[in-house]
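First the structure, in the form of structure tokens, and then the observations on it.
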């Protein structure tokens, strides 16, 4: 569990651990748990579903998105692997 990086510390460690047990990445779990602590879990749950479906994107667009997010190792991946990488970062 990430600790003590100034304002990047966890605000809801219990939710973070639950998300990690469910398979979320460290970054994703921290982002969700901090948002839930800040805005309330009910509010965070209503936010999803606005990004569109990665299955409709081209491979070039998926690679561009991976680059925007600072991910590495995406250049040799197939479309399904890129989608999985983006969903689970």
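The values are calculated or read from the model by the stated rules, or taken from the named source; none is laboratory data. Keep in mind the model is a prediction, meaning the values are calculated, not measured. In this analysis, Cβ positions are derived from the backbone assuming ideal geometry, glycine residues included, and neighbour counts consider all displayed protein chains.
Structure data summary
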quantity	calculated
Every residue from the range 45-58 that is surrounded by 13 or more Cβ atoms within 10 Å (Cβ to Cβ) and either under 18 Å from residue 23 (Cβ atoms) or at pLDDT 95 or above (or both)	54
Tally of residues being in a loop (DSSP other than H, G, I, E, B) and modelled with pLDDT of 90 or more across the range 59-74	5
Residues that are at pLDDT 85 or above and assigned to a helix (DSSP H, G or I), drawn from the range 1-27	13, 14, 15, 16, 17, 18, 19, 20, 21, 26, 27
